[in-house]
Structure formats: structure tokens, C-alpha cells
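Chemist: Encoded as C-alpha cells, here's the structure I'll be asking about.
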Amino acid sequence: MMNLNDTDVTDHAKYRLVGDSVLSYRFAVPFDERLFVGDILKIADQEKGNTFFAKVTDLTHSSNFDDPKWDTRPHTDRFYGLGEDVFLLVEAIPLGYVDTGGVFRKPRTIPTKFSRVERPAEEDFLFLRQVMGDLEVGAMRTGQDVLSGVRVALHSRVMPQHMGVFATTGMGKSNFMKVFCASAMRARQFGLVLVDPHGEYVAGGGKAAGRESRGLVHCPAAADGLAVFTIREEAYRKKYSLSSLWLEYDDFRAEDMLLLFEHSSAQREVIEMLDDVPGSTLVDFFQRTEFDEARRWVGACGNPALAHRLGNFAPTTLSVIRRHLQILVKANPFLRARGSSLTDMEKALAANRVVLIDLPGMGERSELFILSVITRRLLESRKKDATGWGIAGEGGKEQQVLVTIEEAQRVLGEAGAGTRVFRECAMEGRKFGVGLCVVTQQPKNIDPRILAQLNTYVVMGLSDRSDRAIVAGHAKQDLSPMDTEIQTLDQGDAIISTLGIPFPVSTRIHLYEDYIRSMERERPKPAGEGLPTRF
Amino acid sequence: MTADNYREDLERAVGRIREITPPDLAARFQEHGGFDAPSFISVAPSWTGQVVAIDGSNAMVVEGGSFSVGAIRAVASCFSRGTRAFLAGTGIRLVSIGREERDRDFADLYRECFGCDPITALDDRDRVLAASIFRDTLEYGTATTILEKLNETDVILLDGALRVSHASHDPPISALVRQCARKGIGLAAVTKRTTATWGGGFPLVRSVVALSARLGVSAPWCLRVPDNLLDGTRYREWVHGDTWVGLLHPRAGTAFKMELPRGTTGESALGVFSTLAACSDDGRVTGYPYPLLDAHRHAAITGDTLVQLRQNLIRKLDQSGLNFSDFRDLFGDYHDELERY
């Protein structure tokens, strides 16, 4: 009688690295494995002693069958022993590896072939603490799961190198900005300017995820880290200890009007001629002068130097400028002849506080006007004081400011004279410690030269293919293999690519309300807490 | 050859094909066999027991003008109620095929499989046939061994036919049929591509399928085809099975010729066909008993395996003192050179 041996059907091919490149890994897993795009997996290289990490970028059905189209002709829904021949082929990109000394390194080498692929535990990510910064924004996400013990934090030192926040409506942009502000208030490593035309950041109040949202004033770090300048009525200001917002005429320049109104070439010439004229002089001159066809105004006006400069322009051109100035003054109730909050804002920024400019009910023009004024002021003052390597703050430390521009495609799109100050800031602000936080739903409408200047990308779900392509193509770390993940990001999830963190990190952004509660718990208790409060 | 010659050849080939597939094939077959709708037995799929499919594979590892080494393997795959119960096999065996009238390895393998000497030696002069007989020996040996593990209502399923192609296989097949009958174990062989014809060349399976359609018979069904309807078989004494044709699933694209041991009664046959229909519902090979595909996949000696076997042989020859030049003289094939161009 002959001997028959049991055939070993144990599958040794699954969870073994078979990729053939430093930049892309591949391995097979059972066809019913619950794996997701964005999952981070560990590859234990027993031969070299390194532990590699890789992020899943794609999952495809595959099989051992010779006919690759076998699955297009099933006649029934029954498949015997399917798992032996049908499997999922996993594509992953390397994130880096931890060497035998426990140091995380960029993926410049490849794991030994057939190295075991495993699901990492939270403790496997402890090395990430080495590379995280001081501006916590969320927890690391792997596929569908959140590693609550692995906090994702940006580095405040890279903020002047500009940041981009890209998200379509409803993806959690406002929540991210509030969390970012809260961390900035706690870290106090740079000043942050935020203009809010909707009045949602100060004290919240709207609905967020079905719950009452809270504002920046509710953050435990707000007492020391927040300065709010608002146009709201006194009672509200007193309730939350807010400052009144005022700008004086001398805060603005004629060029600000280029940003706010459409102009003909002749009108632009007028504005350029007035570039060095203080705002108060402009208001005074244009309010008092009637530009008649006979040019009698040239001899009659009280500012002969200015009249001489503008005398050759058509009265209709000058009348348009006058009308625009009137609109500017009338539409912005915070603009007055004397008395400005700008100095206080600069002081708050110098003290590394978050400066929130609260303009509820104001229009786009007011928002852009203030942004333009503040950005120019910051740039000009810093250029004046620049040592060439940034602005020396207290203790000789470089003082940094980040200016947030919401819907940034309005001012950072195609080149225009009115957006000069923002473009200048994007191009050379880093030298002077002034960075831009570019927030937009349409990165494809941002000038690519400006996108190239951004060193931190926070991508929160972009449904438009060309938007994703633009973002992936300009980020310092290549995001193109993560296209599927970006496309499928849930609300509140982000992919963060920034200097200091060696790979793009999938992040579940903290819910602001939960985050400030956790900050509350972490806050040192007052020395007197628990003592009797009365005799 | 001119274009006219080619066109004539093409016409002739098509004409021959049309001759054996006339539009009234079903009617002719019905008249020839005296069949009617009740002749077809309706089959209800049912797992009455285990199904053990046995399949073998053979391939040449090296092939010279005067000497070849072949690889053979047989596998038994057992399924019970849709799940594999076990998978066992012989492992790969190597056999030498020279230009001898009495192959030396054959007797050894035969004894290993059946515990006795073959009644007829294996003539190596037709090496392709010799290799297939080696494979069949291993398959029948596997079936004989597996039989010990099985119980009443289980079914042994062979790939091919219950018909031997070498006299030495007659005793073991006869014994297998007898023992299956004694233990109440079903035995069937499924032919993937049959040569069976009737009426002087009409294809059998196509005729039966056409007839079932003509009579409106719903699958699954089976039909016993009497021997006297079929065109002649060369060695009737080597045939151990009755001929059946079965369509085992309503969505099956193909019917198969099957053989059950001679004299299998209708009730026993129905039990076997019910079990076969039950395991013929796989979405990939609907209508074909899946255990046979499983056995086939695990028995197949693939190109990769052959390369490995060839390298093992070369390494061993090298250790024995034979150099590559000797190897090339023995087993070199100038076709390989030609294939470069």
C-alpha cells in the first residue's frame, strides 16, 4: 500500500513583503482581510534589525489564476476554497524606519525581501514623539482607526515658512483653525492673526457636529494667549473682555483700494501716484475737493502739492477714486480719523498671542481691507527693523507672526496690483518672520508660485481631482500616492505634511470642544484650590 | 500550396464539421437511441457523503534522444458538504524512461502502489504513452489507498474514464470497482473531452445536450447511453464502466461524459449524480465537480516546478561527476537553439 502525505496548504505568502523598490511596497493579504487605505503597517526586518513603517495607498483584488478576468464570468455565487487563490494585493508607500538604535530615519533603504508585515501597536509609534512639535492638532489615524496615544503636533518654528489649509466646505476647516489657535495660545511661540467676518470664532455659538460650539475665549489658554479686537457692542466686549477695533486713516494706503475695487488703468495710475500719501491726507483731500472739468480745483484746493501731482488726470477718474474712498470710510465703521488698535495688535503679536479680529456682519471688503492693512504694517515694520535673519524679540529670540487668510484664492490667485502685499509676504515674509496661513477650498486657483512657498500642508478632503493634483504636486513631501486617501477623507480628518515630521501624517483633528476640555484637565490647579473659601 | 488549395481545404474542413453537426442532430439521435423525456433522469443535488476527487499529472523533466526523466504526481482532494475535509498526495516522483521493452521503474512503482508485480511490463518505446501510464498507476494507487478511508455513500471521482490503457491496470481497476461495490462507495469518472461518438462520427455529448433541449429537460440531469449506440471501442475487455452523460447545474455551459461501474443501478447512479451535482455549483467551473478542479490544481506540475526539478537533477549529476557538456549531449535539444531566433 502506498503512502499518501497530507498536502500542506498553509499559506506562507501572505503578509510578506514582495515589493521591489525603495519607494513602493507590495504584499498580499487574505481576500477577506479588513484593511483600509491609510492604514499604517509595520515591516519587521529580522535580518537587518530595522523596523519599517508603510502606509497603505491602494488595495486591489488579485488571484493566482492564469486568467486575470476570471471574476467577470461567475455563474453562481458559490466559490470553494476562495481564500487559497484569491487575495488582496496591497500597495503601500514607505514612511521610514526605526534603526537598531531606535532612531527614525527616512526610507533610503529597503526591507529584506519577504520581511513580515504586521499591524503595529501604539507603542510602536513612540518614536514619533521624537519628531512631533509643540502645536498639537490631533491624533494619528491609521486607516479607520485613531491612535489616540499618538498626538500629531506641528512645529511652531516652521510657521513663518507658511502653511496651507485645504478643504472643501464642511470638512472641518473652522474646527481645525480653532484647535490650531488653542495650541498656539498654549505654546505662545509666535503671534497669529485671524480675521473672522462671520463672528464664529470668538465665543462660538453655532452648531458643530450637533452640539453647541465653543469659541476661542473658552480656551483655558485664552486668558494669556488671546487678544480679540471687535466691532461688537460694549456689553458683549465687557462680557468677554474684548477690545474695540479701530483703524485710523493713516493706517491705510491708497493701494489698499486696488484690492477692494475694480479700477481702470488710469485709476490705477492715480492710486500708484498716491502710494506714499498718508491715509488721513487722502481722505481730507478727496473729501474737500470737487473735481470740475475746468480744473479750477487745482488752484483752489488746500493741498497744492497733491493737486499738482494729480492735476493732469481727468476729473472723472479722480471722482471715481473719491467715490471709492467715500465707500471705504462709510462701509467700515471701525475706520476713523484718529485712534488705532494696530499698535495694541502689534504688541499682542509681539507677546506671541493670537490676535482675533472679529467683524460679525461685515462684508468681504472689510475683511480684506483689514488683512491688507495689518499684513503691510507687519511687513513694513519688520523690514525696517530686520537684522537680515528675522526680528529679534524678547531674549533675542526671533519673533514670528502668522497671518491667516481665509478663502485665500481671492488674494493669492492670479497676479494683480491689489494683492501685492500678500504676494510679497508669501515670497519674502519668511525672512522677516511673517508667514501666511493660506486657507482655501480651491488650491488650483492659488498661484502655483505661492503654493511652492508653503512648507506645511493640511489637506482635509478635496473632491476636485485637479485640486488634489495641485496640492500633491506642490507639497514638500510627495502626496500623490495618497490621492485615494485624500479623496476619501472623512470630516475632521486631515493629511498633514510639514517640516520636522518625516512623512505625511494622517490625522484625526481634535474636536475643539473636547480639546479645550482636555486642556482644562491638564491645567495646573491653583495653589489655593481645595482650601476653605470662608472663615 | 496555392490560395485555391487553401480555400478548398477550408471548405472541406467546414463541410466535415457540418456533417457531424447536422441541424437535425437531436432528432436523429432520438430516433437512433429511442430516447424520450423520461429517459433523462432528473437529479436533485444532495451531499449524501464525502466526495474524493483524484487526479494526476505528468511532465518531462529532461528529454533526450535515448533517455528521459519524467515527473509524476497524484493528489486526492476530499470535500464534505462544501468544505475540504482533506488534501493528500503522493508528492512528486521521478521516473526514468529509456528505450527498453521492460521499464525498470514501472515494476517498482507498481509494487509500491498495489503490492504485487504487474502482469505486463511497460514498453518504453512510446515515451509519451509510458509517462501517462506511470501517472495512471499513481492515480489508481492513490484511489486504492484512499478507498480504505471511505464509508458507504462516499464517492470516488476519477479524472478520465473507467477504462484502462495498459493491461497491467486491469487488475487494480477491477479490484477498485469490486471493493467500491462491496463497501457501498460510489465510483465515477468524468471526461473533460470525450472522443465518444455514435452513428459513425456524431459527437455524443453534443447530441445528448441537443436532445435534452429538444425534449425540454431541465438541468441537472443525467442520461445512460447504451454501449450498442456508441461507435466501436478497441479493447472492450478493458472497459469497466457504463457510459452516462450528465449536465450537473442549471447554469452549466457544458455537459460531461461520465462513466459509472458497469451495472450500476438507477438508484445508486442517482445517488452518485446527486452528490456530483451538489459539488458542481462553483461559480468558476459551474457544472464541473469542484473537487476535481481542486485535485487538478494541486496535482499539476507547473513550469516553475519543472525548472526546479531540472536544476535538482543537474546539481545531482554534477555531484556524480557528469559535466554540463555531457548533460547537453544527453538531453540537449537543438529546438532550444532555434527558439532563440
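The values are calculated or read from the model by the stated rules, or taken from the named source; none is laboratory data. Quick caveat: nothing in here was measured; it's all calculated off a predicted structure. Neighbour counts are summed over all protein chains in view; Cβ atoms, including those assigned to glycine, are modelled from backbone coordinates with ideal geometry.
Chemist: State whether the residues of region B:80-103 include one that is farther than 29 Å from B:LEU223 by Cα, small (Gly, Ala, Ser) and buried (at least 19 other Cβ atoms within 10 Å of the Cβ).
Modeler: yes
Chemist: Pick from region A:60-78 the residues that are among the β-branched types (Val, Ile, Thr) and farther than 25 Å from A:ALA92 by Cα: which of them is farthest from the other protein chains (Cβ to nearest Cβ)?
Modeler: A:THR72
Chemist: On to the next question. Being of a type in the set (Asp, Glu), within 30 Å of B:SER42 (Cα to Cα) and within 30 Å of the chain's Cα centre (by Cα), is that true of even one residue in region B:285-301?
Modeler: So the first thing to find is which residues in region B:285-301 are of a type in the set (Asp, Glu), and the list is B:294.
Imposing the further condition that a residue be within 30 Å of B:SER42 (Cα to Cα) reduces the set to B:294.
Cutting the leftovers down to within 30 Å of the chain's Cα centre (by Cα) gives us B:294.
Taking every residue of region B:285-301 in turn, at least one turns out to be of a type in the set (Asp, Glu), within 30 Å of B:SER42 (Cα to Cα) and within 30 Å of the chain's Cα centre (by Cα).
Chemist: A further question follows. Assuming A:GLU269 fulfils every condition listed in (1) in contact (Cβ under 8 Å) with a residue 60 or more places away in the chain; (2) farther than 30 Å from A:CYS181 by Cα apart from one, which condition is it?
Modeler: (1)
Chemist: Something else: Quick one: count up the residues across region A:1-30 that are in a loop (DSSP other than H, G, I, E, B), surrounded by 11 or more Cβ atoms within 10 Å (Cβ to Cβ), of a type in the set (Ser, Thr, Tyr) and more than 14 Å from every other protein chain (Cβ to nearest Cβ).
Modeler: The qualifying residues number 2.
Chemist: Scan region B:87-134 residue by residue and report those that are under 21 Å from the mean Cα position of the chain (by Cα), in contact (Cβ under 8 Å) with a residue 12 or more places away in the chain, in a helix (DSSP H, G or I) and more than 14 Å from every other protein chain (Cβ to nearest Cβ).
Modeler: Residues satisfying the conditions are B:PHE106, B:ARG127, B:LEU129, B:ALA130, B:ALA131, B:SER132, B:ILE133.
Chemist: Residue check, A:ARG186 against (1) assigned by TED's automatic domain parsing to the domain that holds A:VAL217; (2) surrounded by fewer than 23 Cβ atoms within 10 Å (Cβ to Cβ); (3) modelled with pLDDT under 90, all met but one. Which one?
Modeler: Among (1) assigned by TED's automatic domain parsing to the domain that holds A:VAL217; (2) surrounded by fewer than 23 Cβ atoms within 10 Å (Cβ to Cβ); (3) modelled with pLDDT under 90, A:ARG186 violates only (3).
Chemist: Then there's this: Taking A:HIS218 as meeting all but one of (1) outside the structural domain of A:ALA187 (by TED's automatic domain parsing); (2) touching a residue at least 40 places away in the same chain (Cβ under 8 Å); (3) not aliphatic (A, V, I, L, M), write down the number of the exception.
Modeler: Result: A:HIS218 fails condition (1) only.
For (1) outside any loop (DSSP other than H, G, I, E, B); (2) touching a Cys at 6+ places or on another chain (Cβ under 6 Å); (3) touching a residue at least 24 places away in the same chain (Cβ under 8 Å), each residue gets a yes or a no:
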residue	(1), (2), (3)
A:ARG34	no, no, no
A:LYS42	yes, no, yes
A:VAL56	yes, no, yes
A:THR60	yes, no, yes
A:ASP67	no, no, no
A:GLU91	yes, no, yes
A:ARG108	no, no, yes
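Chemist: Which of the residues belonging to region A:405-448 are surrounded by 21 or more Cβ atoms within 10 Å (Cβ to Cβ), hydrophobic (A, V, I, L, M, F, W, C) and part of a loop (DSSP other than H, G, I, E, B)?
Modeler: Across region A:405-448, the qualifying residues are A:VAL411, A:LEU412, A:ILE446.
Chemist: In region A:451-476, which residues are within 30 Å of A:ASP385 (Cβ to Cβ), touching a residue at least 40 places away in the same chain (Cβ under 8 Å) and among the aliphatic types (A, V, I, L, M)?
Modeler: Passing the criteria: A:LEU451, A:LEU454.
Chemist: Another one. Kindly indicate whether any position in region A:300-320 is within 30 Å of A:PRO197 (Cα to Cα) and either free of Cβ contacts under 8 Å to residues at least 40 places away in the same chain or of a type outside the set (Ser, Thr, Tyr) (or both).
Modeler: Scanning region A:300-320 turns up at least one residue that is within 30 Å of A:PRO197 (Cα to Cα) and either free of Cβ contacts under 8 Å to residues at least 40 places away in the same chain or of a type outside the set (Ser, Thr, Tyr) (or both).
Chemist: Further question on the same structure: Looking at region B:253-270 only, could you name the residues that are within 14 Å of chain A (Cβ to nearest Cβ) and either under 21 Å from B:THR48 (Cα atoms) or buried (at least 22 other Cβ atoms within 10 Å of the Cβ) (or both)?
Modeler: Hits for region B:253-270: nothing passes.
Chemist: Taking the criterion of being under 25 Å from B:GLY246 (Cβ atoms), part of a helix (DSSP H, G or I), among the hydroxyl-bearing types (Ser, Thr, Tyr) and at pLDDT 95 or above, would at least one residue in region B:28-43 satisfy it? If you could, list the steps in order and put the result at the bottom.
Modeler: Residues of region B:28-43 under 25 Å from B:GLY246 (Cβ atoms): B:28-43.
Subsequent filtering for residues that are part of a helix (DSSP H, G or I) retains B:28-33, B:37-39.
Now restrict to residues that are among the hydroxyl-bearing types (Ser, Thr, Tyr): B:39.
Retained after the next criterion (residues that are at pLDDT 95 or above): B:39.
Looking through region B:28-43, at least one residue is under 25 Å from B:GLY246 (Cβ atoms), part of a helix (DSSP H, G or I), among the hydroxyl-bearing types (Ser, Thr, Tyr) and at pLDDT 95 or above.
Chemist: Separate question: Return yes when B:ALA3 is among the small types (Gly, Ala, Ser) and not assigned by TED's automatic domain parsing to the domain that holds B:GLU267 and no when it is not.
Modeler: The answer is yes for B:ALA3.
Chemist: Further question on the same structure: Just to be sure before I move on: is A:LEU274 in contact with a Gly (Cβ under 9 Å, 6 or more places away or on another chain) and buried (at least 17 other Cβ atoms within 10 Å of the Cβ) in the structure I sent?
Modeler: Considered against the rule, which asks whether it is in contact with a Gly (Cβ under 9 Å, 6 or more places away or on another chain) and buried (at least 17 other Cβ atoms within 10 Å of the Cβ), A:LEU274 comes out as no.
Chemist: For region A:449-476, how many residues meet the condition of being in a helix (DSSP H, G or I), within 24 Å of A:LEU192 (Cα to Cα) and out of contact with any Pro (no Cβ under 7 Å at 6 or more places or on another chain)?
Modeler: Residues flagged as in a helix (DSSP H, G or I), within 24 Å of A:LEU192 (Cα to Cα) and out of contact with any Pro (no Cβ under 7 Å at 6 or more places or on another chain) within region A:449-476 amount to 2.
Chemist: If you take the residues in region B:137-156 that are crowded, with 23+ Cβ neighbours inside 10 Å and farther than 15 Å from B:VAL177 by Cα, which one is farthest from the other protein chains (Cβ to nearest Cβ)?
Modeler: Within region B:137-156, the match that is farthest from the other protein chains (Cβ to nearest Cβ) is B:THR137.
Chemist: Shifting gears a bit: Given the criteria in contact (Cβ under 8 Å) with a residue 24 or more places away in the chain, small (Gly, Ala, Ser) and in contact with a Pro (Cβ under 7 Å, 6 or more places away or on another chain), does B:ALA53 qualify?
Modeler: Considered against the rule, which asks whether it is in contact (Cβ under 8 Å) with a residue 24 or more places away in the chain, small (Gly, Ala, Ser) and in contact with a Pro (Cβ under 7 Å, 6 or more places away or on another chain), B:ALA53 comes out as yes.
Chemist: Please work out which residue is farthest from B:PRO171 (Cα to Cα), limiting yourself to region B:67-86 and to residues that are facing chain A (nearest Cβ under 9 Å) and touching a residue at least 24 places away in the same chain (Cβ under 8 Å).
Modeler: The residue in question is B:GLY82.
Chemist: A further question on this structure: When region A:81-95 is examined, which residues are found to be of a type outside the set (Gly, Ala, Ser) and either touching a Ser or Thr at 6+ places or on another chain (Cβ under 8 Å) or more than 14 Å from chain B (Cβ to nearest Cβ) (or both)?
Modeler: Within region A:81-95, A:ASP85, A:VAL86, A:PHE87, A:LEU88, A:LEU89, A:VAL90, A:GLU91, A:ILE93, A:PRO94, A:LEU95 qualify.
Chemist: State the number of residues belonging to region A:477-509 that are in a strand (DSSP E or B) and either in contact (Cβ under 8 Å) with a residue 40 or more places away in the chain or more than 16 Å from the chain's Cα centre (by Cα) (or both).
Modeler: Selection size over region A:477-509: 9.
Chemist: So, one more: So is B:ARG251 among the charged types (D, E, K, R), farther than 13 Å from B:VAL155 by Cβ and assigned to a loop (DSSP other than H, G, I, E, B) or not?
Modeler: For B:ARG251, the condition - among the charged types (D, E, K, R), farther than 13 Å from B:VAL155 by Cβ and assigned to a loop (DSSP other than H, G, I, E, B) - is met.
Chemist: Give the residue, chosen from B:LEU293, B:LEU322, that is in contact with an Asp or Glu (Cβ under 8 Å, 6 or more places away or on another chain) and either within 14 Å of chain A (Cβ to nearest Cβ) or not in a helix (DSSP H, G or I) (or both).
Modeler: B:LEU293
Chemist: Restricting attention to region A:344-365, which residues are small (Gly, Ala, Ser) and in contact with a strand residue (DSSP E or B) (Cβ under 9 Å, 6 or more places away or on another chain)?
Modeler: Let us first name the residues in region A:344-365 that are small (Gly, Ala, Ser), namely A:348, A:350-351, A:361, A:363.
Scanning region A:344-365 gives A:ALA348, A:ALA350, A:ALA351.
Okay, residues lined up against (1) of a type in the set (Ser, Thr, Tyr); (2) within 20 Å of B:THR264 (Cα to Cα); (3) in contact with a helix residue (DSSP H, G or I) (Cβ under 6 Å, 6 or more places away or on another chain):
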| site | (1), (2), (3) |
| --- | --- |
| B:ARG135 | no, no, no |
| B:GLU139 | no, no, no |
| B:THR142 | yes, no, no |
| B:ASP154 | no, yes, no |
| B:SER168 | yes, no, no |
| B:PRO171 | no, yes, no |
| B:GLY184 | no, yes, no |
| B:ALA188 | no, yes, yes |
